[in-house]
Amino acid sequence: MKKSSLLLISWFLITALSAQDNVVKNSYHNVTAHYNGYWIANERIVEVEKSINDQYEWDYNKMLPIFPQYDTTTSKSLEDPLLDCIEKASIAIQRHPSSRWEDDAYILVGKARLYGSEFPEAIETFKYVNTNGDLKEDRHKALIQLMRTFIEAQEMENAQAVSDFIDDKELSKDALAELSIIRAYYFQKTNRIEELTNQLQTALLHVSGDNREARLAFTLGQAYQSIGNDSLAYIYYKRSVRKSQEYDLSFYARLNMSQVSHANTAASDKEIRRYFKKLLKDPKNREYKGRIHFELGNYNAKNNKLKPAIDSYKESIKENRNDERLKSYTYLKLAEIYYDRLNDYRLAKSYYDSTAAIYPKAEAGYGKIQLRAEVLTEFVEYYETIQLNDSLLTLSTLTQDSIDSWLNSLVSQREANAKEAAEKKRKQEKRAAIFETAQQSGNDNLIDINVENEGTWYFYNTTELSRGFSAFRTKWGQRELEDNWRRSLKAKGEEVVAELSSPGINNPLAQNDEAVQKEEDKPAFDAEAEKSKLMATIPFKLADKELLLREIEEATYQLGKIYNFQLEEKQNAIDTFEEFIIRFDSSSYLPEVLYQLFLLHKYSDTLKSEYYYDLLTSRHDSSIYAKIAINPNYINERDQAIEDYKNIYVRAFDLYETGKPKESQKLIDSALFTDPKNEYVDNLQLLSAMNKGELEGIYKYQFELNNFITNYKESELVPFAKKLLKTSQEFQINLYTSSRAKFIRNFNINHYFILVYPFQQELTSEVPGAMDEFLVSEKYDLISGSIVLDEENAILLVNEFKDKEDAESFYLDYLNKEQISSKFAPARFIPLVITTENFQIFYETKDIDSYINFFSKHYKND
């Protein structure tokens, strides 16, 4: 019994000591993991987050991002602390497994991967903790960071899926705050402002007491301001001011508070302006003056006070020391005022050019700004053409007295401008000459005073300081810092003054006086000459007026297209095109303009769209724009048809090349019968002439080539056809035959009427036309053509007659009228009729005399 009790006691002692040992062991791992690994790793993450925050350029002109943005370049710069973080966290994971801080260490590794832009690795790490983590709270932390990682990796669908998965989880206060912030970040990235405001409101219920609260409140204020809820925006800006630990954030929050303070009364307007004035006077805000003037400009512009707004924006540029981003936004504001509200496109162009030069290229609106800057160069040219030409046309309708009065006023203004410019130039040249001469002579006693006013206190004002230094040095010279300087350097000071006062080539004042004298010697503004020059531009002649109107027509048409296609300002395009059709209702551009108006109104005003459709299709039904309006697939169908006829032409040409002209011609005839006006008609017709030359002989070949050249004058193939014709004619002219022709007495076949005449340029160009007139006047349904017979003779051929009797009838009719031979007398014309068979012999032998004898024996020729 005693032995059993002793064993039992021993077992309890061993068990107790083992349990105590486990407790001690676990405590050791937890403490060591926390302080040797996790704590140091966490410190590195805090350093990294601070570094990202400090490196990021917070742009208060736009809604602040929930988290400071970073990229691979930023990640690369943080490589060392991130690697150290992973190394230290790995100590807690590898050396102290199953410790309380193992999952937390994994989360730090995930964050390090996230900030290192290693998104796949970060995702896998957070997924591992969610799957294998011991504590529910750690798993929630991992899921929240997983959602953030998906957002940074631009995997928005996965981020949404994680957010939905967390919905049914019971979260701690801290986890709920972090989740709300990351959800707000998600909605900010997806531009869903209303959901963003809801999440930030939730987050701000749980975040308090640090600068993070101030920044989130500021962003929430911006979000409410962007959707027009100024009252809530004011509340959150005020909260940001109250909680902020950064002067920048506090300053911009106060500034934005002024924007959302309603100025519905004169009293509240005065209060806001006093607030801006107070901000400008505060010495702490000296470096923010550019920003304050910018916001004052926004306030004025919002209240339609454009002149004060412009002045404020210009002051912002003047006071802006080194904020190029703000300066670009200010230029943009000025450009938009001049473009959208004042219609001063010349100034708008200048400010858009300035904006494009320094606007951040990564900004979403940069492309549009760059495009507008480029387009406005052309735009201004067209716009000013319309303004100038309309003014000149209006002047041309006035009485001479009214024109004289207008010209005198304009000339007076130009004379005043010329004098002002000359005076300004004179002062600039005088100042430049003084300083240039002073520098060349080694005298640095003069300081350029053309410096902007930088402050109100004397020693902050560089202009006043420059004037003071200049006056001092002019009187006393360059002084060293020593006692009794007035006496010790009195002589030197007097020498400096004497140098600047003495005449001579090294005296800048004397030199400048000489330059001024030369300027004064120049002829004064010639008002009469200027008036005569302006008078000469007024269009009094009808031709001059028509020229200006054509320029206005072209400029108005081009402006409408710029509005529609390049600037994408549809209403301006509509207004411009509608003005166009009123002023230029017979313009060649009218079908296109009507088509554009039909499209521009299609989805906004159905009745107007139908009105322009009816105008287009009824008055310009043959235009391509009417065809497209009727059949939107017209272009595609036409392109397909062009491709089809191209393929037909290729097949027909291959047949011709392989010695099958008959099959080639059948293919051409079928295509021309289907669509005589297809896009490849000239190609097909020229190939047809080549086929007929192979099938019917060289005379037919030349006849068809002449017809092609006449009927398709605009075709790009005409030069090639002329070359073919010339080559063929030269071959025939040089053909030599030693024997006289032997004609065939077979008259029961088709005949031609031919007219042999001298081969002269003026005759070959005019005789075919005269024959065509004869055929029309006598109502003959026949075809004529001209070919070269030899070096001296050409032939006009009329085809064709079914038999000898018909040919002779036409021949006698021609002789009775004698229209052509009498018209071109004394040139010798020989009219003949000939069978198609004998014409082949006649053309090949060139034996005119032999055929005349044959003709006189076998045909009626009296």
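Over the range 592-632, the reciprocal of the mean inverse Cα-Cα separation, the Kirkwood hydrodynamic radius, stands at 9.7 Å. Overall, the accessible surface of the range 239-308 at a probe of 1.4 angstrom is composed of carbon and sulfur to the extent of 51 percent. Within the shell of other residues whose beta carbon sits under 12 angstrom from the beta carbon of residue 383, the net charge comes to -3, with Lys and Arg scored +1 and Asp and Glu -1. Extension gain for residue 778 to residue 624 (0.36 nm times residue separation, less C-alpha to C-alpha distance): 51.6 nm. Residues in the range 328-429 average 56 Å² of solvent-accessible surface per residue, probe 1.4 Å, ligands and nucleic acids excluded. Anisotropy class assigned to the range 292-347 is oblate, per the alpha carbon gyration tensor with a/c at or over the 1.5 cut-off and a/b no larger than b/c.
For the range 531-677, dividing the convex hull volume of the Cα atoms by the residue count gives 205 Å³ per residue.
Shape class of the range 725-862 from the Cα gyration tensor (axes a ≥ b ≥ c, square roots of the eigenvalues): oblate, since a/c reaches 1.5 or more and a/b does not exceed b/c. Each of residue 134 and residue 259 was given a label point 7 Å from its Cα along the Cα-to-Cβ line. The distance between the two points is 5.1 nm. Here the range 44-95 and the range 302-359 have alpha carbon centers that stand 36 Å from each other.
With a 1.4 Å probe rolled over the protein heavy atoms of all chains, the accessible area of 852, 52 falls in the order 852, 52, largest first. The alpha carbon gyration tensor of the range 660-784 gives principal lengths a ≥ b ≥ c with a/c below 1.5, which makes the shape rounded. Evaluating 6.51 cos²θ - 1.76 cosθ + 1.60 at θ = phi - 60° for every residue in the range 375-384, the Karplus couplings come out as 5, 5, 4, 5, 4, 4, 4, 5, 4, 6 Hz, glycine and proline recorded as x. Computed from the C-beta positions of residue 413 and residue 210 and an R0 of 51 Å, the FRET efficiency is 0.20 to the nearest 0.05. Ranked by the mean number of other Cβ atoms within 10 Å per residue, highest first, peptides 55-68, 38-51 order as 38-51, 55-68.
Length gain on complete extension for the stretch residue 56 to residue 527, per 0.36 nm per residue less the alpha carbon to alpha carbon distance?
Gain on extension, residue 56 to residue 527, equals 163.5 nm.
In a simple Cβ point-charge model (Lys, Arg +1; Asp, Glu -1; nothing else charged), the range 242-313 has a dipole of about 220 debye relative to its Cα centre. Placing pseudo-labels 7 Å out from each Cα toward the beta carbon at residue 662 and residue 605 gives an inter-label distance of 6.6 nm. So for the range 600-658, considering every pair of alpha-carbon atoms, how many percent are separated by more than 17 Å? Result for the distance tail: 58 percent.
Accessible area ranking (1.4 Å probe, heavy atoms, ligands and nucleic acids excluded), largest first, for 289, 136: 136, 289. The simple spin-label model puts a point 7 Å past each Cα toward its Cβ; for residue 286 and residue 537 those points are separated by 4.9 nm.
Each Lys and Arg adds +1 at its Cβ and each Asp and Glu adds -1 at its Cβ; summed about the Cα centre, the range 715-862 shows a dipole of about 340 debye.
Taking other residues whose beta carbon is less than 9 angstrom from the beta carbon of residue 221, and scoring Lys, Arg as +1 and Asp, Glu as -1, yields +2.
Could you provide, to the nearest whole Å², the per residue accessible area of the range 777-818 with probe 1.4 Å?
So the range 777-818 comes to 51 Å² accessible per residue, rounded to a whole number.
Here the range 732-862 exposes an accessible surface that is 45 percent carbon and sulfur, computed with a 1.4 Å probe and the other protein chains kept in place.
Peptides 799-805, 552-558, ordered by how many other C-beta atoms sit within 10 Å of their residues on average, highest first, read 552-558, 799-805.
The values are calculated or read from the model by the stated rules, or taken from the named source; none is laboratory data. Treat the numbers as computed from the prediction; the structure is a model and nothing was measured. Methodologically, a virtual Cβ is constructed for each residue, glycine included, from the backbone with ideal geometry; neighbour enumeration extends over all protein chains shown. Heads up: the accessible areas ignore ligands, DNA and RNA and are worked out on the full protein's heavy atoms, side chains in. Shrake-Rupley method; radii C 1.70, N 1.55, O 1.52, S 1.80 Å.
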